[in-house]
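*Asks:* Please see the structure below; I have some questions.
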Amino acid sequence: MVSAQTDAAGARAIARCDALGVAPYSDSETGLYRAWLSPAHAAAQEQLADWMRHAGMDTRVDAASNLIGRYEGTSTGLPALLIGSHLDSVRDAGRYDGPLGIMLGIECVAALHAAGRRLPFAIEVIAFGDEEGSRFPASMFTSRAVAGTLIEDALEGVADANGISVAEALQDWGLAASTIHQAARAPEEVIAYLEAHIEQGPVLEAEGLALGVVTGIAAQLRFEVSVRGRAGHAGTSPMPLRFDALTAAAECVLAVEAVAREAGSDLVATVGRMQVEPGATNVVPGRVTFSLDVRAGENATRDVGAAEILRRFDAVAAARGVRVEATKVQDLAASPCDTHLIELLAQAVEAQDIAPRRLVSGAGHDAMVMRALCPTAMLFIRCDGGISHNPAERASAADAGVAVAAMLDFIERLGVARGN
Ligand code: GLV
Ligand code: MN
Ligand code: MN
(Lines give C-alpha, C1' and ligand atoms only; values in the text may rest on other atoms or scores of the structure.)
(Ligands and ions follow the chains in the order given, each with its own letter.)
Protein backbone atom coordinates (compact mmCIF):
# COMPACT_ATOMS: atom_id res chain seq x y z
CA MET A 1 0.00 0.00 0.00
CA VAL A 2 1.44 3.39 -0.90
CA SER A 3 1.80 5.92 1.88
CA ALA A 4 -0.99 8.20 0.60
CA GLN A 5 -3.37 5.28 1.14
CA THR A 6 -2.11 4.42 4.61
CA ASP A 7 -2.26 8.13 5.51
CA ALA A 8 -5.91 8.15 4.48
CA ALA A 9 -6.53 4.94 6.42
CA GLY A 10 -4.94 6.45 9.52
CA ALA A 11 -7.00 9.61 9.22
CA ARG A 12 -10.18 7.57 8.85
CA ALA A 13 -9.32 5.41 11.88
CA ILE A 14 -8.79 8.51 14.03
CA ALA A 15 -11.94 10.19 12.68
CA ARG A 16 -13.98 7.10 13.52
CA CYS A 17 -12.66 7.01 17.09
CA ASP A 18 -13.64 10.68 17.35
CA ALA A 19 -17.10 9.96 15.96
CA LEU A 20 -17.61 7.32 18.67
CA GLY A 21 -16.53 9.80 21.35
CA VAL A 22 -19.92 11.43 21.77
CA ALA A 23 -23.55 10.42 22.38
CA PRO A 24 -25.21 8.15 21.37
CA TYR A 25 -21.88 6.25 21.45
CA SER A 26 -21.20 7.63 24.91
CA ASP A 27 -23.42 6.98 27.94
CA SER A 28 -22.56 10.46 29.17
CA GLU A 29 -23.59 13.73 27.54
CA THR A 30 -20.65 15.61 29.02
CA GLY A 31 -17.71 13.41 28.02
CA LEU A 32 -16.94 9.89 26.89
CA TYR A 33 -18.06 6.98 29.04
CA ARG A 34 -18.98 3.79 27.26
CA ALA A 35 -19.78 0.99 29.66
CA TRP A 36 -20.03 -2.70 28.80
CA LEU A 37 -23.57 -3.77 27.84
CA SER A 38 -24.86 -0.20 27.92
CA PRO A 39 -26.94 1.64 25.29
CA ALA A 40 -23.76 3.41 24.11
CA HIS A 41 -22.03 0.05 23.71
CA ALA A 42 -24.94 -1.19 21.57
CA ALA A 43 -24.93 1.96 19.41
CA ALA A 44 -21.16 1.79 18.91
CA GLN A 45 -21.38 -1.90 17.95
CA GLU A 46 -24.01 -1.17 15.35
CA GLN A 47 -21.88 1.55 13.76
CA LEU A 48 -18.76 -0.61 13.88
CA ALA A 49 -20.55 -3.55 12.29
CA ASP A 50 -21.49 -1.28 9.41
CA TRP A 51 -17.86 -0.18 8.98
CA MET A 52 -16.72 -3.81 9.15
CA ARG A 53 -19.15 -4.86 6.43
CA HIS A 54 -18.01 -2.00 4.21
CA ALA A 55 -14.45 -3.21 4.70
CA GLY A 56 -15.43 -6.63 3.33
CA MET A 57 -16.18 -8.56 6.51
CA ASP A 58 -19.10 -10.71 7.63
CA THR A 59 -20.15 -9.75 11.15
CA ARG A 60 -21.61 -11.48 14.17
CA VAL A 61 -21.97 -10.90 17.90
CA ASP A 62 -20.74 -13.83 20.01
CA ALA A 63 -22.18 -15.27 23.23
CA ALA A 64 -20.10 -12.86 25.32
CA SER A 65 -21.31 -9.73 23.44
CA ASN A 66 -18.13 -9.29 21.38
CA LEU A 67 -18.58 -7.97 17.84
CA ILE A 68 -16.53 -9.98 15.35
CA GLY A 69 -15.91 -9.19 11.69
CA ARG A 70 -14.46 -11.99 9.55
CA TYR A 71 -12.52 -11.72 6.31
CA GLU A 72 -11.96 -15.14 4.74
CA GLY A 73 -8.55 -16.29 3.54
CA THR A 74 -7.68 -18.03 0.28
CA SER A 75 -10.41 -20.54 1.08
CA THR A 76 -13.36 -20.42 3.42
CA GLY A 77 -13.05 -21.61 7.01
CA LEU A 78 -9.28 -21.29 7.48
CA PRO A 79 -7.93 -20.59 10.99
CA ALA A 80 -7.84 -16.88 11.74
CA LEU A 81 -5.45 -14.16 12.78
CA LEU A 82 -7.45 -12.25 15.39
CA ILE A 83 -6.93 -8.49 15.50
CA GLY A 84 -8.71 -6.88 18.43
CA SER A 85 -9.07 -4.37 21.17
CA HIS A 86 -11.88 -3.05 23.34
CA LEU A 87 -14.87 -0.82 22.84
CA ASP A 88 -15.57 0.03 26.47
CA SER A 89 -13.97 3.06 28.14
CA VAL A 90 -13.16 4.45 31.54
CA ARG A 91 -15.23 7.38 32.88
CA ASP A 92 -14.38 10.70 31.25
CA ALA A 93 -12.21 8.82 28.81
CA GLY A 94 -10.03 9.59 25.85
CA ARG A 95 -11.27 8.42 22.47
CA TYR A 96 -8.45 6.12 21.37
CA ASP A 97 -7.78 3.74 24.28
CA GLY A 98 -9.32 0.60 22.79
CA PRO A 99 -11.27 1.79 19.74
CA LEU A 100 -8.13 2.76 17.79
CA GLY A 101 -6.93 -0.87 17.78
CA ILE A 102 -10.28 -1.97 16.37
CA MET A 103 -10.33 0.77 13.72
CA LEU A 104 -6.78 -0.10 12.62
CA GLY A 105 -7.80 -3.75 12.27
CA ILE A 106 -10.73 -2.68 10.08
CA GLU A 107 -8.39 -0.52 7.98
CA CYS A 108 -6.05 -3.48 7.42
CA VAL A 109 -8.93 -5.60 6.14
CA ALA A 110 -10.30 -2.73 4.04
CA ALA A 111 -6.89 -2.39 2.35
CA LEU A 112 -6.60 -6.13 1.70
CA HIS A 113 -10.16 -6.27 0.40
CA ALA A 114 -9.63 -3.29 -1.93
CA ALA A 115 -6.50 -4.98 -3.31
CA GLY A 116 -8.31 -8.31 -3.70
CA ARG A 117 -5.66 -9.86 -1.45
CA ARG A 118 -6.47 -13.05 0.44
CA LEU A 119 -4.07 -14.59 2.95
CA PRO A 120 -3.46 -18.24 3.79
CA PHE A 121 -5.49 -17.53 6.95
CA ALA A 122 -8.70 -15.66 7.71
CA ILE A 123 -8.59 -12.35 9.59
CA GLU A 124 -11.10 -11.59 12.31
CA VAL A 125 -11.41 -8.15 13.86
CA ILE A 126 -12.79 -8.36 17.41
CA ALA A 127 -14.31 -5.52 19.40
CA PHE A 128 -14.18 -6.77 23.00
CA GLY A 129 -16.72 -5.48 25.51
CA ASP A 130 -15.05 -4.93 28.88
CA GLU A 131 -11.32 -4.48 29.05
CA GLU A 132 -11.51 -1.54 31.46
CA GLY A 133 -13.78 -2.96 34.13
CA SER A 134 -15.34 0.46 34.64
CA ARG A 135 -18.89 -0.82 35.06
CA PHE A 136 -18.22 -3.99 37.07
CA PRO A 137 -15.38 -4.35 39.59
CA ALA A 138 -13.52 -6.97 37.53
CA SER A 139 -12.68 -6.81 33.84
CA MET A 140 -11.88 -8.76 30.70
CA PHE A 141 -14.83 -11.13 31.04
CA THR A 142 -15.36 -10.87 27.27
CA SER A 143 -11.82 -11.75 26.20
CA ARG A 144 -11.64 -14.41 28.89
CA ALA A 145 -14.78 -15.94 27.37
CA VAL A 146 -13.12 -16.00 23.93
CA ALA A 147 -9.87 -17.41 25.34
CA GLY A 148 -11.89 -20.15 27.07
CA THR A 149 -10.72 -19.20 30.55
CA LEU A 150 -13.97 -17.73 31.89
CA ILE A 151 -15.79 -20.02 34.22
CA GLU A 152 -19.43 -19.12 34.88
CA ASP A 153 -18.70 -18.95 38.63
CA ALA A 154 -16.50 -15.89 37.98
CA LEU A 155 -19.64 -13.90 37.16
CA GLU A 156 -21.49 -14.86 40.35
CA GLY A 157 -22.17 -11.97 42.68
CA VAL A 158 -20.53 -9.42 40.36
CA ALA A 159 -22.73 -6.33 40.16
CA ASP A 160 -22.40 -2.73 39.06
CA ALA A 161 -22.91 0.34 41.27
CA ASN A 162 -26.69 0.14 40.68
CA GLY A 163 -26.81 -3.46 41.86
CA ILE A 164 -27.32 -4.86 38.35
CA SER A 165 -25.49 -8.16 38.08
CA VAL A 166 -23.48 -9.23 35.03
CA ALA A 167 -26.08 -11.96 34.49
CA GLU A 168 -28.90 -9.40 34.44
CA ALA A 169 -26.98 -7.05 32.14
CA LEU A 170 -26.30 -9.92 29.74
CA GLN A 171 -29.98 -10.89 29.87
CA ASP A 172 -30.98 -7.32 28.96
CA TRP A 173 -28.85 -7.76 25.86
CA GLY A 174 -30.55 -11.04 24.96
CA LEU A 175 -27.53 -13.05 26.14
CA ALA A 176 -27.12 -15.42 29.09
CA ALA A 177 -24.45 -15.97 31.73
CA SER A 178 -25.05 -19.71 31.40
CA THR A 179 -23.99 -19.68 27.72
CA ILE A 180 -21.21 -17.09 27.80
CA HIS A 181 -18.62 -19.88 27.53
CA GLN A 182 -19.92 -20.57 24.00
CA ALA A 183 -17.82 -17.58 22.89
CA ALA A 184 -14.69 -19.72 23.48
CA ARG A 185 -12.59 -20.33 20.40
CA ALA A 186 -10.85 -23.64 19.76
CA PRO A 187 -7.06 -23.23 19.55
CA GLU A 188 -7.06 -24.83 16.10
CA GLU A 189 -9.37 -22.06 14.78
CA VAL A 190 -6.89 -19.34 15.65
CA ILE A 191 -3.28 -18.71 14.61
CA ALA A 192 -2.43 -15.57 16.61
CA TYR A 193 -3.80 -12.44 18.28
CA LEU A 194 -2.56 -8.97 17.33
CA GLU A 195 -3.55 -5.85 19.28
CA ALA A 196 -2.62 -2.31 18.32
CA HIS A 197 -3.04 0.27 21.09
CA ILE A 198 -1.89 3.74 22.00
CA GLU A 199 1.13 3.51 24.28
CA GLN A 200 -0.56 5.37 27.17
CA GLY A 201 2.91 6.37 28.30
CA PRO A 202 5.59 8.87 27.22
CA VAL A 203 8.45 6.65 25.98
CA LEU A 204 7.79 6.64 22.23
CA GLU A 205 7.18 10.37 22.11
CA ALA A 206 10.34 11.05 24.11
CA GLU A 207 12.36 8.93 21.70
CA GLY A 208 10.75 10.38 18.57
CA LEU A 209 9.23 7.07 17.50
CA ALA A 210 5.75 6.61 16.02
CA LEU A 211 5.52 2.92 16.91
CA GLY A 212 6.81 0.45 19.47
CA VAL A 213 6.81 -3.32 19.88
CA VAL A 214 5.43 -4.68 23.16
CA THR A 215 7.40 -7.50 24.75
CA GLY A 216 4.92 -8.22 27.54
CA ILE A 217 2.19 -6.86 29.81
CA ALA A 218 2.54 -6.19 33.53
CA ALA A 219 0.82 -8.36 36.15
CA GLN A 220 -2.32 -6.94 37.80
CA LEU A 221 -4.30 -7.54 40.96
CA ARG A 222 -7.58 -5.83 41.85
CA PHE A 223 -9.23 -5.82 45.27
CA GLU A 224 -12.47 -4.44 46.66
CA VAL A 225 -11.76 -3.16 50.17
CA SER A 226 -14.38 -2.58 52.83
CA VAL A 227 -13.77 -0.56 56.00
CA ARG A 228 -16.39 -0.90 58.72
CA GLY A 229 -16.39 1.57 61.58
CA ARG A 230 -19.41 2.94 63.44
CA ALA A 231 -21.67 5.68 62.14
CA GLY A 232 -22.37 8.41 64.67
CA HIS A 233 -23.49 11.98 65.27
CA ALA A 234 -20.93 14.51 64.00
CA GLY A 235 -21.77 16.92 66.81
CA THR A 236 -21.96 14.60 69.78
CA SER A 237 -19.30 11.92 69.12
CA PRO A 238 -16.10 12.98 70.96
CA MET A 239 -12.98 12.47 68.82
CA PRO A 240 -11.36 9.78 71.03
CA LEU A 241 -14.55 7.70 71.02
CA ARG A 242 -15.11 7.55 67.27
CA PHE A 243 -14.69 4.61 64.88
CA ASP A 244 -14.54 6.70 61.73
CA ALA A 245 -14.39 4.46 58.66
CA LEU A 246 -13.28 7.30 56.38
CA THR A 247 -10.27 8.44 58.38
CA ALA A 248 -9.24 4.78 58.62
CA ALA A 249 -9.68 4.41 54.85
CA ALA A 250 -7.62 7.57 54.32
CA GLU A 251 -4.76 5.99 56.27
CA CYS A 252 -5.12 2.86 54.15
CA VAL A 253 -4.86 4.92 50.96
CA LEU A 254 -1.69 6.60 52.19
CA ALA A 255 -0.30 3.16 53.09
CA VAL A 256 -0.97 2.01 49.50
CA GLU A 257 1.01 4.93 48.16
CA ALA A 258 3.81 4.48 50.68
CA VAL A 259 4.30 0.78 49.94
CA ALA A 260 4.57 1.42 46.20
CA ARG A 261 6.92 4.38 46.67
CA GLU A 262 9.11 2.54 49.15
CA ALA A 263 9.38 -0.57 46.96
CA GLY A 264 12.00 1.04 44.74
CA SER A 265 10.84 -1.19 41.87
CA ASP A 266 8.26 -0.89 39.10
CA LEU A 267 5.46 -1.63 41.61
CA VAL A 268 2.50 0.73 41.19
CA ALA A 269 -0.61 0.78 43.39
CA THR A 270 -3.73 2.89 43.05
CA VAL A 271 -6.98 3.60 44.85
CA GLY A 272 -9.20 5.02 42.13
CA ARG A 273 -12.70 4.73 43.52
CA MET A 274 -14.18 5.24 46.98
CA GLN A 275 -17.68 5.23 48.38
CA VAL A 276 -18.52 6.71 51.78
CA GLU A 277 -21.62 5.67 53.72
CA PRO A 278 -23.97 7.00 54.78
CA GLY A 279 -22.39 10.05 53.09
CA ALA A 280 -23.84 12.94 55.04
CA THR A 281 -22.19 16.11 56.34
CA ASN A 282 -23.28 15.57 59.93
CA VAL A 283 -22.62 11.81 60.21
CA VAL A 284 -19.33 10.16 61.17
CA PRO A 285 -18.78 7.71 58.27
CA GLY A 286 -19.70 4.15 59.24
CA ARG A 287 -18.58 2.32 56.13
CA VAL A 288 -16.21 2.97 53.26
CA THR A 289 -15.54 0.79 50.25
CA PHE A 290 -12.70 1.40 47.83
CA SER A 291 -10.91 -0.21 44.92
CA LEU A 292 -7.26 -1.23 44.98
CA ASP A 293 -5.20 -1.89 41.83
CA VAL A 294 -1.65 -3.28 42.20
CA ARG A 295 0.72 -3.91 39.27
CA ALA A 296 4.31 -4.78 38.43
CA GLY A 297 6.21 -6.28 35.52
CA GLU A 298 6.85 -9.48 37.51
CA ASN A 299 4.19 -11.48 39.37
CA ALA A 300 6.43 -11.82 42.44
CA THR A 301 7.01 -8.05 42.80
CA ARG A 302 3.28 -7.44 42.54
CA ASP A 303 2.45 -10.17 45.06
CA VAL A 304 5.01 -9.04 47.64
CA GLY A 305 3.73 -5.45 47.29
CA ALA A 306 0.09 -6.50 47.65
CA ALA A 307 0.88 -8.61 50.73
CA GLU A 308 2.63 -5.64 52.39
CA ILE A 309 -0.33 -3.35 51.59
CA LEU A 310 -2.76 -5.84 53.17
CA ARG A 311 -0.49 -6.14 56.23
CA ARG A 312 -0.60 -2.36 56.66
CA PHE A 313 -4.40 -2.40 56.32
CA ASP A 314 -4.48 -4.85 59.24
CA ALA A 315 -2.31 -2.48 61.27
CA VAL A 316 -4.68 0.42 60.54
CA ALA A 317 -7.66 -1.73 61.55
CA ALA A 318 -6.01 -2.74 64.83
CA ALA A 319 -4.95 0.81 65.70
CA ARG A 320 -8.37 2.32 64.99
CA GLY A 321 -10.68 -0.47 66.12
CA VAL A 322 -12.34 -0.80 62.69
CA ARG A 323 -12.67 -3.83 60.40
CA VAL A 324 -10.81 -3.77 57.08
CA GLU A 325 -11.51 -6.58 54.62
CA ALA A 326 -9.92 -6.89 51.19
CA THR A 327 -11.45 -9.23 48.61
CA LYS A 328 -9.44 -10.12 45.53
CA VAL A 329 -11.60 -9.59 42.44
CA GLN A 330 -9.02 -9.91 39.68
CA ASP A 331 -5.70 -11.68 39.24
CA LEU A 332 -4.00 -11.34 35.86
CA ALA A 333 -0.50 -12.76 35.62
CA ALA A 334 2.23 -10.97 33.72
CA SER A 335 1.80 -11.86 30.08
CA PRO A 336 4.83 -12.07 27.76
CA CYS A 337 4.17 -11.65 24.04
CA ASP A 338 5.30 -14.41 21.68
CA THR A 339 9.00 -14.11 20.80
CA HIS A 340 8.55 -15.09 17.16
CA LEU A 341 5.69 -12.61 16.67
CA ILE A 342 7.71 -9.90 18.45
CA GLU A 343 10.45 -10.48 15.88
CA LEU A 344 8.01 -10.32 12.92
CA LEU A 345 6.42 -7.15 14.30
CA ALA A 346 9.84 -5.59 14.87
CA GLN A 347 10.71 -6.33 11.22
CA ALA A 348 7.39 -4.80 10.12
CA VAL A 349 8.11 -1.66 12.17
CA GLU A 350 11.66 -1.44 10.81
CA ALA A 351 10.25 -1.71 7.27
CA GLN A 352 8.55 1.66 7.98
CA ASP A 353 12.01 3.15 8.72
CA ILE A 354 11.28 3.19 12.45
CA ALA A 355 13.75 1.73 14.93
CA PRO A 356 11.88 -1.17 16.55
CA ARG A 357 11.79 0.00 20.17
CA ARG A 358 10.73 -2.84 22.46
CA LEU A 359 8.84 -1.98 25.64
CA VAL A 360 6.75 -3.49 28.42
CA SER A 361 3.12 -2.41 28.84
CA GLY A 362 2.15 -1.22 32.31
CA ALA A 363 -1.46 -0.95 31.16
CA GLY A 364 -3.61 -4.04 30.94
CA HIS A 365 -4.89 -5.28 27.58
CA ASP A 366 -7.09 -8.05 26.25
CA ALA A 367 -3.87 -9.51 24.80
CA MET A 368 -2.85 -10.66 28.29
CA VAL A 369 -5.93 -12.84 28.45
CA MET A 370 -5.75 -14.02 24.84
CA ARG A 371 -2.33 -15.51 25.53
CA ALA A 372 -4.13 -18.52 27.02
CA LEU A 373 -5.58 -19.21 23.55
CA CYS A 374 -2.80 -18.38 21.09
CA PRO A 375 0.49 -16.50 20.61
CA THR A 376 0.06 -12.76 21.02
CA ALA A 377 1.68 -9.60 19.65
CA MET A 378 1.11 -5.94 20.47
CA LEU A 379 1.96 -2.81 18.55
CA PHE A 380 2.12 0.50 20.43
CA ILE A 381 1.31 3.82 18.82
CA ARG A 382 2.74 7.07 20.18
CA CYS A 383 0.27 9.33 22.00
CA ASP A 384 0.65 12.99 22.96
CA GLY A 385 2.48 13.46 26.25
CA GLY A 386 1.75 9.83 27.13
CA ILE A 387 -1.64 11.05 28.37
CA SER A 388 -4.40 8.43 28.64
CA HIS A 389 -7.52 7.70 30.70
CA ASN A 390 -8.12 11.41 30.21
CA PRO A 391 -10.17 13.32 27.61
CA ALA A 392 -6.92 15.01 26.52
CA GLU A 393 -5.73 11.69 25.04
CA ARG A 394 -4.52 12.21 21.42
CA ALA A 395 -2.88 10.18 18.68
CA SER A 396 -2.06 11.52 15.23
CA ALA A 397 -3.57 10.42 11.93
CA ALA A 398 -0.04 10.14 10.52
CA ASP A 399 1.05 7.71 13.27
CA ALA A 400 -2.16 5.72 12.84
CA GLY A 401 -1.39 5.49 9.11
CA VAL A 402 2.12 4.17 9.80
CA ALA A 403 0.55 1.67 12.20
CA VAL A 404 -1.71 0.37 9.40
CA ALA A 405 1.32 0.01 7.13
CA ALA A 406 3.23 -1.90 9.81
CA MET A 407 0.26 -4.14 10.58
CA LEU A 408 -0.21 -4.98 6.88
CA ASP A 409 3.50 -5.75 6.62
CA PHE A 410 3.22 -7.96 9.72
CA ILE A 411 0.26 -9.80 8.16
CA GLU A 412 2.26 -10.51 5.00
CA ARG A 413 5.26 -11.67 7.03
CA LEU A 414 2.99 -13.98 9.01
CA GLY A 415 1.78 -15.47 5.71
CA VAL A 416 5.38 -16.09 4.64
CA ALA A 417 6.27 -17.52 8.05
CA ARG A 418 3.40 -19.98 7.68
CA GLY A 419 4.90 -21.16 4.42
CA ASN A 420 2.73 -19.29 1.91
C1 GLV B 1 -6.78 -0.61 31.42
O2 GLV B 1 -6.53 0.38 30.76
C3 GLV B 1 -5.97 -0.95 32.54
O4 GLV B 1 -4.74 -1.02 32.39
O5 GLV B 1 -6.53 -1.11 33.63
MN1 MN C 1 -7.73 1.84 29.41
MN1 MN D 1 -7.09 -0.12 26.55
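The values are calculated or read from the model by the stated rules, or taken from the named source; none is laboratory data. Bear in mind the structure is a predicted one, so any value in this text is a computation, not a measurement. Don't worry about glycine lacking a Cβ; one is built from the backbone with ideal geometry, like all the others, and counts go over all protein chains shown. SASA here: full protein model, heavy atoms, side chains in, ligands and nucleic acids out. Shrake-Rupley method; radii C 1.70, N 1.55, O 1.52, S 1.80 Å.
*Asks:* For segment 39-91, please list each of the strands (runs of 3 or more DSSP E) lying entirely inside it that holds at least 3 residues being more than 14 Å from Gly101 (Cα to Cα).
*Replies:* So the answer is 58-61.
*Asks:* While we're on this one: On the basis of being open to solvent by less than 50 Å² (accessible area, probe 1.4 Å), touching a residue at least 24 places away in the same chain (Cβ under 8 Å) and out of contact with any Phe, Trp or Tyr (no Cβ under 8 Å at 6 or more places or on another chain), does Cys337 make the cut?
*Replies:* Taking the combined requirement at face value, the residue satisfies it.
*Asks:* With (1) within 16 Å of ligand 3 (Cβ to nearest atom); (2) of a type in the set (Asp, Glu); (3) closer than 14 Å to Gly84 by Cα as the list, and Glu124 as the residue in question, which single condition is left unmet?
*Replies:* (1)
*Asks:* Here's a follow-up. Give segment 98-113 a look and list any residue that's within 16 Å of ligand 1 (Cβ to nearest atom) and closer than 14 Å to Ala11 by Cβ, or say none.
*Replies:* Leu100
*Asks:* Just wondering, is there one or more residues in segment 266-280 that are closer than 15 Å to Val322 by Cα, part of a loop (DSSP other than H, G, I, E, B) and of a type in the set (Asp, Glu)?
*Replies:* Checking segment 266-280: not a single residue is closer than 15 Å to Val322 by Cα, part of a loop (DSSP other than H, G, I, E, B) and of a type in the set (Asp, Glu).
*Asks:* Collect the residues in segment 358-385 that are surrounded by 18 or more Cβ atoms within 10 Å (Cβ to Cβ), assigned to a loop (DSSP other than H, G, I, E, B) and away from ligand 2 (no atom under 16 Å from the Cβ), keeping them in residue-number order.
*Replies:* Those that are surrounded by 18 or more Cβ atoms within 10 Å (Cβ to Cβ), assigned to a loop (DSSP other than H, G, I, E, B) and away from ligand 2 (no atom under 16 Å from the Cβ): Arg371, Leu373, Cys374, Arg382.
*Asks:* Turning to a different aspect of this structure: Within segment 63-81, is there a residue that is within 16 Å of ligand 3 (Cβ to nearest atom) and under 26 Å from Ala219 (Cα atoms)?
*Replies:* Yes: one or more hits.
*Asks:* All but one of (1) open to solvent by 30 Å² or more (accessible area, probe 1.4 Å); (2) outside any helix (DSSP H, G or I); (3) closer than 25 Å to Leu408 by Cβ hold for Glu343, so report the exception by its number.
*Replies:* With respect to (1) open to solvent by 30 Å² or more (accessible area, probe 1.4 Å); (2) outside any helix (DSSP H, G or I); (3) closer than 25 Å to Leu408 by Cβ, Glu343 is out only on (2).
*Asks:* Limited to segment 245-283, what total is found for residues that are open to solvent by 50 Å² or more (accessible area, probe 1.4 Å) and in contact with a Lys or Arg (Cβ under 7 Å, 6 or more places away or on another chain)?
*Replies:* 2
*Asks:* OK, next. Return yes or no: is Ala176 surrounded by fewer than 18 Cβ atoms within 10 Å (Cβ to Cβ) and among the aliphatic types (A, V, I, L, M)?
*Replies:* yes
*Asks:* Among Arg117, Arg91, Arg95, which is among the basic types (Lys, Arg), modelled with pLDDT of 95 or more and under 19 Å from Ala15 (Cβ atoms)?
*Replies:* Just a single option satisfies the conditions, and that option is Arg95.
Condition check ((1) within 25 Å of Pro187 (Cα to Cα); (2) within 11 Å of ligand 2 (Cβ to nearest atom); (3) hydrophobic (A, V, I, L, M, F, W, C); (4) in contact (Cβ under 8 Å) with a residue 24 or more places away in the chain) across all residues:
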residue	(1), (2), (3), (4)
Ile102	yes, no, yes, yes
Ala115	no, no, yes, yes
Arg118	yes, no, no, yes
Ala147	yes, no, yes, yes
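*Asks:* Mind listing whichever residues of segment 190-202 are among the hydrophobic types (A, V, I, L, M, F, W, C) and either in contact with a Cys (Cβ under 8 Å, 6 or more places away or on another chain) or more than 16 Å from ligand 1 (Cβ to nearest atom) (or both)?
*Replies:* Correct list: Val190, Ile191, Ala192, Leu194, Ile198.
*Asks:* In addition: Those residues that are farther than 15 Å from Gly129 by Cα, open to solvent by 40 Å² or more (accessible area, probe 1.4 Å), more than 19 Å from the chain's Cα centre (by Cα) and not β-branched (Val, Ile, Thr), I need them from segment 148-170; list them, please.
*Replies:* Glu152, Asp153, Glu156, Gly157, Ala161, Asn162, Gly163, Glu168 - these are the residues of segment 148-170 that are farther than 15 Å from Gly129 by Cα, open to solvent by 40 Å² or more (accessible area, probe 1.4 Å), more than 19 Å from the chain's Cα centre (by Cα) and not β-branched (Val, Ile, Thr).
*Asks:* Then there's this: Exactly one of these conditions fails for Pro187: (1) open to solvent by 60 Å² or more (accessible area, probe 1.4 Å); (2) out of contact with any Leu (no Cβ under 7 Å at 6 or more places or on another chain). Give me its number.
*Replies:* (2)
*Asks:* Regarding Asp18, is this residue more than 23 Å from Phe141 (Cα to Cα), free of Cβ contacts under 8 Å to residues at least 12 places away in the same chain and of a type outside the set (Gly, Ala, Ser)?
*Replies:* So Asp18 does not fit the description; no.
*Asks:* Also, I was wondering about something else. What pairs come out if I take residues in segment 178-198 that are outside the structural domain of Ala377 (by TED's automatic domain parsing) and under 16 Å from Leu81 (Cα atoms) and pair them with residues that are open to solvent by less than 30 Å² (accessible area, probe 1.4 Å) and outside any strand (DSSP E or B) whose C-beta lies under 6 Å away, six or more apart or interchain?
*Replies:* Going by the 6 Å Cβ cut-off, there are no qualifying pairs.
*Asks:* For Phe313, which of the numbered conditions (1) in a strand (DSSP E or B); (2) under 30 Å from His233 (Cα atoms); (3) open to solvent by less than 50 Å² (accessible area, probe 1.4 Å) fails to hold?
*Replies:* The one condition Phe313 does not meet is (1).
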